[in-house]
């Protein structure tokens, strides 16, 4: 069972205006997701849509689309909220994911949170309350509710963010830390990076897309894989809380270099730097002489108390993948996954193998060759085996995939850049 528990609706900023329950269910099935979070239950209009378009399953705490109850895709009621508060004379801006077992309990949470901010302004509301207070309000609503920090390492709005975050979970959540059982890795970090901090060993590492659209190159690009006797809200939450490897099998991760904040840099100055290069420059941009946007890899280096390659006992495993549309786009040399010729190849593969994850994970090279051009088949296998290069993302710019040598620019950025070989990265961090 594959679950993406953190996405957004069209009521969040910078999201596709086409997102609706029907579209989410459609693309979740194509992707291969069995369970997807609704996102944004705190927004009054989105909550109304959820009430109108979803039907609750009896005794599972999950939902199906009301018009297509036979659909294989279930929904969990989820949201993301932003808290802004002062801690030791510093302003902290932290995002959190909230899971709840029913629309009724979501309404109760909203009634508690509306005192701290206008929930109708954004699907991801900004609340004038500190993190411990948020957890207290959510957990007093129902003990089954769950809260965990969202995209834990991004420079802004995260628990370990370089600009307004903390150095440990306890300082952020204080006496409510007892209710925190998981951290979301985010696109720019992965389990091996988090394993370098011994103080994170007790938390389950979850991965979700934080998708702002329903397109298959966004939704499910990161996800969680479970093996459950019964698919229910309680089983999923308990598997996460207990870090039960028998039920919580592994996470699906994009290569962290593909994330928008993996390396340190300045987008406007076209500067991207490894942690070592940034440190040599004192984190000052060599072009504009202002502070660089510190990347996730550098931030991990600052807090790590273990060497690269350390793996804790009983750690939940992971698999690195990249969206199928992105792979096809790179091979065909098109500028966008929206291109018709990309969709043509994508649809052939999904029709043959059932869904995108089946193509990316299970389909053999021989089977792929019978459906698409050999070069595309080879690219899919190379991504699966970690035999590709990713030019690291930085300061809001996604990393770039280079599968074959002809895809690799001699100088991909105009200024200082050290290209990262994915194979080297994998050997260093596993």
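Every read-out reported here was derived from the displayed coordinates using simple, explicitly stated rules and does not represent laboratory data. The shown structure was predicted, so the numbers you read here are calculated from the model rather than taken from an experiment. Here the Cβ positions follow ideal geometry from the backbone for every residue, glycine too, while neighbour counts run over all protein chains shown.
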Can you give the convex hull volume of the alpha carbon atoms of the stretch 323-384 per residue, in Å³?
68 Å³
Theoretical ellipticity at 222 nm over the chain - DSSP helices of four or more residues, -39500 (n - 2.57) apiece, nearest 500:
-8000 deg cm²/dmol
Amide N of the stretch 194-227 lying under 19 Å from the label point, which is placed 7 angstrom from the Cα of residue 90 along Cα→Cβ
197-200
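Using a Förster radius of 22 Å, what is the FRET efficiency between residue 319 and residue 366 based on their Cβ-Cβ separation? Nearest 0.05, please.
The pair residue 319/residue 366 has a calculated efficiency of 0.55.
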Taking max minus min of the Cα coordinates of the stretch 62-149 on each principal axis, largest first, gives extents in Å of 53, 26, 21
Cα-only Debye scattering, the stretch 2-254: base-10 log of I(q)/I(0) at q = 0.10, 0.14, 0.16 Å⁻¹:
-0.42, -0.88, -1.19
Please report the antiparallel percentage of the DSSP beta bridges confined to the chain, to the nearest 5.
65 percent
Take the alpha carbon atoms of the stretch 108-141, find their center, do the same for the stretch 1-50, and report the distance between the two centers in whole angstrom.
20 Å
How high is the relative contact order of the stretch 2-254, given as a whole-number percent (alpha carbon pairs under 8 Å, six or more residues apart)?
21 percent
Spacing of the two label points (7 Å from each Cα toward its C-beta) at residue 335 and residue 374, in nm
3.2 nm
Extending each Cα 7 Å along its Cβ direction at residue 358 and residue 67, get the distance between those two points in nm, one decimal.
2.5 nm
Of [x] 56, 54, 41; [y] 93, 46, 38; [z] 80, 42, 41, which is the value of Cα extents along the principal axes in Å derived from the coordinates here?
[x]
Fully extended contour minus Cα-Cα distance, from residue 14 to residue 302, at 0.36 nm per residue
100.6 nm
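What whole-number volume per residue, in cubic angstrom, does the convex hull of the C-alpha atoms of the stretch 209-360 give?
Working: hull volume 25.9 nm³, N = 152.
Spread over its residues, the Cα hull of the stretch 209-360 gives 170 Å³ apiece.
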